[in-house]
Amino acid sequence: MTKSQSRVVLFIPLLLISAFAAAAPGPESQLKLIPEPKEVRVQEGSFHVRAKTRILVEFGHQAEDRIAAETLAEEIHDQSGLKLNITGAKSESKQEAPKEAGDVIVLARLQDRRVRQFLESKGLKADLIGDQGYLLFSDRSHLIVAANTGQGLFYGVQTLRQLLRADGQSLVCPAVAIRDWPSMEWSSLRGDIGRGPIPV
């Protein structure tokens, strides 16, 4: 066997290994979220939803964001039997939500400077997401969904619902950092089973 032939023989297995490595799904693809968010980072750990966990909604937006909070509470109850309390919190300078650890699911608006700064410190910037986008962050001690509008917050909660998994007497949400926004925003929607959403 010549030197050039031996190089080819050695090169082929390396090429196959690199091809399989490139094709192997990362942890982000294992989440199977629909629709798939634009940006997803999976991290170590998980947030545990327990009986004492609360869902926190800002007072200034409580009426508008209540639907998202109730949808989330219903999902948690359906999956685990847990009945979580939905409580209110003041926004801006008195908002303590990001610092509360362990037993609070925060549904917030990005107009709240402290929430925005906390998420930016975790690598989640609020630019580009518009009115229908959202940021979702979870680790061992925080679970936050934040958006510019109630509509964006609702979409973020739909993603959070898909992330929750049963774990004994609790639910877990994997530690993730998600940023998502629609490719095209709709001013209003009319349903069509055959064709999906239609702008009106």
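Read-outs throughout are calculated quantities, based only on the coordinates presented, and are distinct from any laboratory measurement. Remember, it's a predicted structure, so these values are computed and weren't measured experimentally.
If you stretched the chain out fully between E120 and N85, how much longer would it get, using 0.36 nm times the residue separation minus the C-alpha to C-alpha distance? Walk me through the intermediate numbers first.
Details: separation 35, 0.36 × 35 = 12.60 nm, distance 2.78 nm.
Here the segment from E120 to N85 would lengthen by 9.8 nm.
If we restrict to alpha carbons, what Rg and Dmax does the stretch 38-180 come to, in Å?
13.5, 38
In terms of modelled amide H atoms, which long-range or inter-chain residues lie less than 5 Å from the amide H of F47?
C173, A175
For the stretch 69-91 and the stretch 32-58, what is the centre-to-centre distance using only Cα atoms, to the nearest Å?
The two parts, judged by their Cα centres, are 13 Å apart.
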